[in-house]
Amino acid sequence: MKLILEDLSDQELLDLMKLDNQPAFVCIYKRYWSELYRCAFKIFPNQETCEELIHDVFLYLWDKGRNVQINSLKDYLYIAVKNRALNRIRAENNLLRMLNARAGVAESVMPAEERLHCMEINRIYDEALAELPERCRTIMIMSRKDHLSNKEIALKLDITPKTVENQITIALRHIRTRLGEYLVTLLCFCLLI
């Protein structure tokens, strides 16, 4: 009698996967990918990022799943995707806060080389901000420089908080791309503050 993986329960698939059964893992992936994508997209509305987050969750499940006690596979996957999406949002927000904080540090306390790096990073950041569409740039400035909440921005601009969130996501993606190689340098310098 041939074993039909699609008919197995989550726990049975998980048990097989823990025995390095790749078809069982693929079955789990196919069973949950689209649901997890929808879940991630509600939190972080960016296709590329959502796909990356889900890929990371499944990669972790394959690599470390046999060492993790999982009572409900569905709950485990949903929580993992939500946590990764929220962590990504926090990381991007923290990066911009660090950049803004770093720009406010007195030049006299910075070594010359660090000052040059900071000036270059600020230049790239300002250029990336200037390249954004006007509404997106305005929302980003209101959020990061004026420190307004998404709700406050939405009220001021007569748009929905979801639109504000989407525009900030677009801006962050663009700024992150433009910062490129300076991103690691920026994080190192910011951690030294």
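The values are calculated or read from the model by the stated rules, or taken from the named source; none is laboratory data. Here the structure is a predicted model, which means the values were calculated and not measured. So basically every Cβ, Gly included, is an ideal-geometry build from the backbone, and we count neighbours across all protein chains shown.
A few comments on the model shown:
- Boolean, Y125 is modelled with pLDDT of 85 or more and either assigned to a helix (DSSP H, G or I) or surrounded by 13 or more Cβ atoms within 10 Å (Cβ to Cβ) (or both): no
- Count of region 1-53 residues, restricted to those that are of a type in the set (D, E, K, R), at pLDDT 85 or above and under 30 Å from T169 (Cβ atoms), is 6.
- Selection of first residues in region 33-54 that are closer than 16 Å to P161 by Cα and in contact (Cβ under 8 Å) with a residue 24 or more places away in the chain and of second residues that are small (G, A, S) and part of a helix (DSSP H, G or I), restricted to Cβ pairs under 6 Å at least 6 apart or on distinct chains, gives the following pairs, ordered by first then second residue: I43/A85; F44/A85.
- In region 13-25, the residue that is farthest from L86 (Cα to Cα) out of those that are in a helix (DSSP H, G or I) and touching a residue at least 12 places away in the same chain (Cβ under 8 Å) is P23.
- Check on A112, farther than 28 Å from A171 by Cβ and at pLDDT below 85: yes
- Residue within region 134-157 that is touching a His at 6+ places or on another chain (Cβ under 9 Å) and outside any helix (DSSP H, G or I) present: no
- For region 167-193, the set of residues classified as touching a Cys at 6+ places or on another chain (Cβ under 9 Å) and modelled with pLDDT of 55 or more consists of Q167, I168, I170, A171, H174, listed by residue number.
- Top-ranked residue of region 44-64 - restricted to ones that are in a helix (DSSP H, G or I) and buried (at least 18 other Cβ atoms within 10 Å of the Cβ), ranked as farthest from the chain's Cα centre (by Cα): L61
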